[in-house]
Structures are given as structure tokens and as C-alpha cells.
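J.: Attaching a single structure in C-alpha cells format; questions to follow.
Every number here is computed from the coordinates shown, using simple stated rules; none is lab data. Predicted model, so just to flag it, every value in this text is computed and none were measured. Neighbour counts run over all protein chains shown; Cβ positions are idealised from the backbone, glycine included.
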Amino acid sequence: MANTLEGTVALVTGASSGIGRASALALAAEGARVAVVARRKDRLEELVAAIEAAGGEALAIEADLGVEQDAVGAVARTVEHFGRLDTVLNNAGLMLLGPTATASTADWRRMVDVNVMGLLYCAHAALPHLLAAAEDGARRVADLVNVSSIGGRTTRPGSQVYNATKWGVVGLSESMRQELAGRHVRVSVVEPGAVRTELAEANRPEIRAQILGRQEGVEVLDPQDVAEAIVFLVTRPRHVNINEIMVRPTEIA
């Protein structure tokens, strides 16, 4: 049976909607106290209220994970408030697509800042606390879960930099896993396929229409589907590290 998360603390980035929100609720339902991090404070406060209404405990932290000071501060506030950190879900990400010749290089920089550097900033700041949790916590294990994408395994025209960031997340996650393998900080990467989230909404209208057109008539994933996979990862026994998990809609080849 899975271990519950009573007595643990989780930090979830990109928690204002989609996979992050669903995962924060799911982790709290397993008994974790949860710090939820994103830029939209009103969404975070609503999420905290939902967790508390269900009997959980949560902390809202407004932060831009593409800014190192914000990422480091989010980890520090979590530990200051809850006293420890056992699980980090690096979920914050952007998907800004378009042809290379007409793409905005500012969009490219923003994706690298959030999808790669933001993840690294959080992991770097959290690692001492995760190592401490693995050494002295009741479960004697900690988890770093990085959300990549099917876009970290396959490519398509117009998604060149998004693909680069998500392939990068897969690579850095495996390197981290090998580095931490003997210290019981488990590193996992989750690669969702099409999910019903707000991820496409930041794109230009014609690009957004293309994305939604590819999903027309298909039953895509719900954020809860991915959240359940994440909870499965972090509730395994101490000796089990599921390194990688892909979650895809059944109807998409």
C-alpha cells in the first residue's frame, strides 16, 4: 500500500490552475501541508481556502519563478512557515509557440527563464531541506518531481524552444536522480500529453486555434489525472523511485 503524507510538507509551483492546483489539492488530501506558489495571488488564496475547508493546511506564496530571488524566497518562506520541506513539485511552465522566423525572442527567454531556470532555482534552494527530510523525517525519503511534457520527447513545427526546455527538464532530472540516488531524495519527471488547462491561452489567437484544433473531438486529460500520477510517485515506499512517468490521452497516438 502507498504511504500517506501525514507530517510532511510539499511545495507546488504553478499552483494557481491546472495540474498545479489539482496536485496541491491531491497532496493535501494525503495529509501533506502544502505551500502553493504562483503569480496570481487571488487564485492562490482561493486554493488555500479550498484546502483548509477540506481540513488541510496551506500557505499561499505569490512569486515569479523565473526570478531567482522569488524562487529562493518561496522555498525559504515554506520552510520558515512549516518548519521542513519533504516534497517539491516543479510544475510552473509556459508554452509560447510560433514559427521560428516570426517568433518573439522575448517569449523564448521567458520560457527558458520559467521552464528551466525557475525549476533549477527551486531545486537548488530546496535541496538542503529535502536532504534533511530524507535523513531525519519519519518517512526517511524526500521527493523532487519535475513536470516536463510529451513535448520533451517529441517535436513539432513551431514548438522549437518549448521542446528545448522540456527536453532539458528530462535531461536535468535524470542527472539529478543519479546524483541523489544514494541519499534517498527521489527525483522523478512527469510528462503529460494533452491536458485541459490554461497552458495554450497565452499564445496568439491563430496559434491557440491550431493547438485546440489538434484536440478537437478527443477526450483529453483532466488535471486530476496527472495529479493522481504525481501522488502515486511520492507515496511509494522508501526503496522505490519511479524515475519517469508519461500520462497520455488514450485517443491520441
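J.: Which cross-chain or sequence-distant (5 or more) residues have an amide H under 5 Å from the amide H of Ala35, H modelled 1.01 Å from N in plane?
T.: Residues meeting the criterion, in which the H sits 1.01 Å from N, are Ala10, Leu11, Val12, Leu59.
J.: By counting other Cβ atoms within 10 Å of each Cβ, how are Ser104, Ser23 ranked from fewest to most? Walk me through the intermediate numbers first.
T.: On the way: Ser104 11, Ser23 31.
The most exposed by this proxy come first: Ser104, Ser23.
J.: Moving on to the next point. Name the residue, out of Met176, Met117, Met95, whose mean-square fluctuation peaks in a Gaussian network model built on the chain with Cα pairs under 10 Å.
T.: Evaluated over the chain, the most mobile residue of the options is Met176.
J.: Further question on the same structure: With a cut-off of 8 Å between alpha carbons and a minimum separation of six or more residues, what is the relative contact order of segment 73-160 in percent? The partial results should precede the final answer.
T.: Details: 81 pairs, mean separation 37.8, N = 88.
Contact order relative to length: 43 percent.
J.: For the chain, what D do you get in µm² per second when you plug the Kirkwood radius from alpha-carbon pairs into Stokes-Einstein at 25 °C and 0.890 mPa s?
T.: Numbers: Rh = 18.1 Å.
Result for D is 135 µm²/s.
J.: Moving on. Any idea what the relative contact order of segment 102-253 is, in percent, if you count C-alpha pairs under 8 Å spaced at least 6 apart?
T.: On the way: 179 pairs, mean separation 36.9, N = 152.
Once divided by the residue count of segment 102-253, the mean separation gives 24 percent.
J.: Arranged from highest to lowest average of other beta-carbon atoms within 10 Å per residue, in what order do the peptides 147-158, 188-199 appear?
T.: On the way: 147-158: 18.7, 188-199: 21.2.
Descending packing order for the listed peptides: 188-199, 147-158.
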